[in-house]
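Chemist: Structure incoming, see below.
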Amino acid sequence: MMPMMSGNRTVMSIKGCIFDLDGVIVDTAKYHFLAWKRLAEKLKINFTEKDNERLKGVSRMASLDIILEIGNMKPDDKIKEEYAALKNKWYVAYISKMTPDEILPGSIRFINDLRKEGIKIALGSASKNTPMIIRRVGMEILFDAIADGNVVKKAKPDPEVFITAAKMIGIPPEECVVFEDAAAGVEAALNAGMMCIGIGSEKILSNAHFVVPGLNEMSLQKLKEIEKGIRL
Ligand code: G6P
Ligand code: MG
């Protein structure tokens, strides 16, 4: 589909922007890693930063399953619940001290620019801790809707979280763009039939329509150009 032209200005067909939280808006990926690493050490499992890439965007229990698989351990469900609760206790201790300084550069400016253009803004995250993080960094008022691990059941790469976010803001999937830092999240966006801009490394996010190192590299103009390039 070609972008519509009005005068000499290109009008975007994008009406909704859906942001992943961890690693896109705030730098919580490091806290997830530290808390999982602490659990792995307790279980004598060798867990590296490379392994951690597989956990990004993945739900808490699915992340635990990956770590247990690395350690070749198969505890029963009750023990697994205990491990997940322990990791979350350590994780919450980190995020409960977060401040607005930990908002990733460019996020607020870019979201405000989008809002001025009338574009709806949603969060689409697997995290059950989303409300606490958003409150801690003072970003509640910037989002029209929040689809998080408290409202969706299926983990990325299932598209449920992004489809739910799009429904909440009342925009059809083909008019939404997702910003994601995790390979599983990029797949979820594509599975939802949405355009996806990867935030981070091209190597890891090669399936995204376009990749930028961070939201500080994004602007309304750039989004228009990316959309134009994709749709031409
Ligand atoms: C995000 C992170 C994952 C994390 C998941 C669940 O998607 O990228 O690393 O496992 O949220 O987070 P939670 O805060 O509910 O444990
Ligand atoms: Mg993420």
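Chemist: Would you mind telling me which numbered condition in (1) open to solvent by 10 Å² or more (accessible area, probe 1.4 Å); (2) closer than 13 Å to V26 by Cβ; (3) in a helix (DSSP H, G or I) P105 fails?
Modeler: (3)
Chemist: Follow-up. Would you be able to tell me the number of residues in region 112-121 that are assigned to a helix (DSSP H, G or I) and either charged (D, E, K, R) or open to solvent by 70 Å² or more (accessible area, probe 1.4 Å) (or both)?
Modeler: Taking region 112-121 as the starting set, the residues that turn out to be assigned to a helix (DSSP H, G or I) are 112-116.
From what's left, either charged (D, E, K, R) or open to solvent by 70 Å² or more (accessible area, probe 1.4 Å) (or both): 113, 115-116.
Qualifying residue count for the region: 3.
Chemist: Going through region 84-102 one residue at a time, which ones are surrounded by 13 or more Cβ atoms within 10 Å (Cβ to Cβ) and free of Cβ contacts under 8 Å to residues at least 60 places away in the same chain? Before the answer, list the steps.
Modeler: Quick first cut of region 84-102, residues surrounded by 13 or more Cβ atoms within 10 Å (Cβ to Cβ) only: 84, 86-88, 90-92, 94-95, 98, 102.
Answer for region 84-102, where residues must be surrounded by 13 or more Cβ atoms within 10 Å (Cβ to Cβ) and free of Cβ contacts under 8 Å to residues at least 60 places away in the same chain: A84, L86, K87, N88, W90, V92.
Chemist: Looking only at region 39-53, which residues are part of a loop (DSSP other than H, G, I, E, B), in contact with a Leu (Cβ under 9 Å, 6 or more places away or on another chain) and open to solvent by 20 Å² or more (accessible area, probe 1.4 Å)? Write out each step before concluding.
Modeler: Initially, region 39-53 is screened for residues part of a loop (DSSP other than H, G, I, E, B), giving 43-48.
Filter again for in contact with a Leu (Cβ under 9 Å, 6 or more places away or on another chain), leaving 43, 45, 47.
Within region 39-53, just L43 meets the criteria.
Chemist: OK, next. Would you mind stating whether G118 is within 16 Å of ligand 2 (Cβ to nearest atom) and at positive phi?
Modeler: Values: within 16 Å of ligand 2 (Cβ to nearest atom): no; at positive phi: yes.
So G118 fails the test.
Chemist: Only one residue in G229, G149, G193 is among the small types (G, A, S), over 26 Å from K97 (Cα atoms) and at pLDDT below 95. Which one?
Modeler: Numbers: G149 fails: over 26 Å from K97 (Cα atoms); G193 fails: at pLDDT below 95.
Exactly one residue qualifies, and that residue is G229.
Yes/no matrix, rows are residues, columns are (1) under 15 Å from the mean Cα position of the chain (by Cα); (2) assigned to a helix (DSSP H, G or I); (3) away from ligand 2 (no atom under 16 Å from the Cβ); (4) surrounded by fewer than 20 Cβ atoms within 10 Å (Cβ to Cβ):
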| position | (1), (2), (3), (4) |
| --- | --- |
| K37 | no, yes, yes, yes |
| L55 | yes, no, no, no |
| E82 | no, yes, yes, yes |
| F110 | no, yes, yes, no |
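Chemist: With the condition being free of Cβ contacts under 8 Å to residues at least 24 places away in the same chain, I'd like the strands (runs of 3 or more DSSP E) fully within region 122-232 carrying at least 1 qualifying residues. Let's see the steps before the verdict.
Modeler: Numbers: elements: 145-147, 176-180, 195-199, 210-212.
Here the list reads 195-199, 210-212.
Chemist: Could you check, for region 137-145, whether at least one of its residues is within 16 Å of ligand 1 (Cβ to nearest atom) and buried (at least 24 other Cβ atoms within 10 Å of the Cβ)?
Modeler: no
Chemist: Does V186 qualify as being at pLDDT 95 or above, more than 13 Å from ligand 2 (Cβ to nearest atom) and β-branched (V, I, T)?
Modeler: On the way: at pLDDT 95 or above: yes; more than 13 Å from ligand 2 (Cβ to nearest atom): no; β-branched (V, I, T): yes.
For V186, the condition - at pLDDT 95 or above, more than 13 Å from ligand 2 (Cβ to nearest atom) and β-branched (V, I, T) - is not met.
Chemist: So, in region 76-125, exactly how many residues are among the aliphatic types (A, V, I, L, M), closer than 23 Å to A35 by Cα and touching a Lys or Arg at 6+ places or on another chain (Cβ under 7 Å)?
Modeler: Count: 3.
Chemist: I'd like the full set of residues that are surrounded by fewer than 20 Cβ atoms within 10 Å (Cβ to Cβ) and either of a type outside the set (K, R) or within 21 Å of L220 (Cβ to Cβ) (or both), limited to region 122-136. Explain how you work it out, then say what you get.
Modeler: Applying the first criterion (surrounded by fewer than 20 Cβ atoms within 10 Å (Cβ to Cβ)) to region 122-136 yields 128, 131-132, 135-136.
Correct list: P131, M132.
Chemist: Another one. In region 58-80, how many are open to solvent by less than 20 Å² (accessible area, probe 1.4 Å) and within 16 Å of ligand 2 (Cβ to nearest atom)? Reasoning before the result, please.
Modeler: Within region 58-80, the subset open to solvent by less than 20 Å² (accessible area, probe 1.4 Å) is 63-64, 67-68.
Now drop any that are not within 16 Å of ligand 2 (Cβ to nearest atom), which leaves 63.
Within region 58-80, residues that are open to solvent by less than 20 Å² (accessible area, probe 1.4 Å) and within 16 Å of ligand 2 (Cβ to nearest atom) number 1.
Chemist: Also: Would you please name the residue that is surrounded by the most Cβ atoms within 10 Å (Cβ to Cβ), looking only at residues in region 1-30 that are within 16 Å of ligand 1 (Cβ to nearest atom), modelled with pLDDT of 95 or more and of a type outside the set (D, E, K, R)?
Modeler: Taking region 1-30 and keeping what is within 16 Å of ligand 1 (Cβ to nearest atom), we get 18-30.
Next, from what is left, pick out any that are modelled with pLDDT of 95 or more: 18-21, 24-26.
Applying the additional criterion that residues be of a type outside the set (D, E, K, R) yields 18-19, 21, 24-26.
Details: I18: 32, F19: 24, L21: 22, V24: 28, I25: 28, V26: 21.
Per the stated criteria, the residue is I18.
The values are calculated or read from the model by the stated rules, or taken from the named source; none is laboratory data. Please read these numbers as outputs of a predicted model, since none were measured by experiment. No Cβ is skipped: glycine too gets one built from the backbone with ideal geometry, and neighbour counts run over all protein chains shown. For the accessible areas, the whole protein counts, side chains as well, though only heavy atoms, and no ligand, DNA or RNA atoms are used. Shrake-Rupley method; radii C 1.70, N 1.55, O 1.52, S 1.80 Å.
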